[in-house]
Amino acid sequence: MSDFQPTDEQRRIIYQARRGLKELDFYIDPYVKNHYLTADATEQATFAKLLSYEDPDLLNFFMNQDTPDDAQVAELIAKLKAYQHSPDSAH
C-alpha cells in the first residue's frame with residue numbers, strides 16, 4: 001500500500017474488494033494494492049460503485065459478456081483490465 005493511512009471508508013472498500021472469486025481477484029487485487037489509495041475521489045467512488053455489483057455480474061463485465069449501465073464503472077473495468085495486461089503491472 002502507500003505511505004498514508006487509509007480512511008475508515010477506504011478500509012471498508014478495501015475489505016469489500018476481497019471477493020473470494022479467483023477470476024475477479026485477478027483484476028481487483030492489483031488495483032487495490034497499487035492504485036486505489038492514490039486514485040482521485042471520483043475514481044474511488046466509482047470503484048465503490050463497481051463493488052456494489054454482484055459477483056456474477058462483475059464476472060460478466062470482466063469477461064466482456066455484459067456491460068454495466070454506468071459508463072464510469074465500465075471505464076474503470078477497462079482500466080483494471082489494462083493494468084492487468086500492462087508489462088509493468090505489479091502482481
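Data for the structure
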| quantity | calculated |
| --- | --- |
| Residues satisfying the stated conditions in the stretch 34-48, i.e. of a type outside the set (D, E, K, R) and part of a helix (DSSP H, G or I) | Asn34, Tyr36, Leu37, Thr38, Ala41, Thr42, Gln44, Ala45, Thr46, Phe47, Ala48 |
| Of the criteria (1) farther than 13 Å from Leu76 by Cβ; (2) part of a helix (DSSP H, G or I); (3) among the aromatic types (Phe, Trp, Tyr), which one Phe4 fails | (2) |
| Residue that is farthest from Asp8 (Cα to Cα) [pool: residues in the stretch 23-77 that are aromatic (Phe, Trp, Tyr) and touching a residue at least 24 places away in the same chain (Cβ under 8 Å)] | Phe62 |
| Every residue from the stretch 1-11 that is without any contact (Cβ under 8 Å) to a residue 24 or more places away in the chain and either surrounded by 13 or more Cβ atoms within 10 Å (Cβ to Cβ) or in contact with a Lys or Arg (Cβ under 8 Å, 6 or more places away or on another chain) (or both) | none |
| Set Pro30, Pro68: member being crowded, with 16+ Cβ neighbours inside 10 Å and in a loop (DSSP other than H, G, I, E, B) | Pro68 |
| Conditions (1) at pLDDT below 95; (2) out of contact with any Asp or Glu (no Cβ under 9 Å at 6 or more places or on another chain); number of the one not met by His91 | (2) |
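Residue by residue, here is whether (1) in contact with a His (Cβ under 8 Å, 6 or more places away or on another chain); (2) at pLDDT 95 or above; (3) buried (at least 17 other Cβ atoms within 10 Å of the Cβ) holds:
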| position | (1), (2), (3) |
| --- | --- |
| Ile13 | no, yes, yes |
| Asn34 | no, no, no |
| Leu37 | no, yes, yes |
| Thr42 | no, yes, no |
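To keep it simple, each residue is scored yes or no on (1) at pLDDT below 95; (2) of a type outside the set (Gly, Ala, Ser); (3) in contact with a strand residue (DSSP E or B) (Cβ under 7 Å, 6 or more places away or on another chain); (4) in a loop (DSSP other than H, G, I, E, B).
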position: Gly20; (1), (2), (3), (4): yes, no, no, yes
position: Leu50; (1), (2), (3), (4): no, yes, no, no
position: Pro56; (1), (2), (3), (4): no, yes, no, no
position: Leu59; (1), (2), (3), (4): no, yes, no, no
position: Val73; (1), (2), (3), (4): no, yes, no, no
position: Gln84; (1), (2), (3), (4): yes, yes, no, no
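The values are calculated or read from the model by the stated rules, or taken from the named source; none is laboratory data. Just so it is clear, the structure is predicted and the values come from calculations on it, not from any experiment. Backbone-built Cβ (ideal geometry, glycine too); neighbour counts: all protein chains shown.
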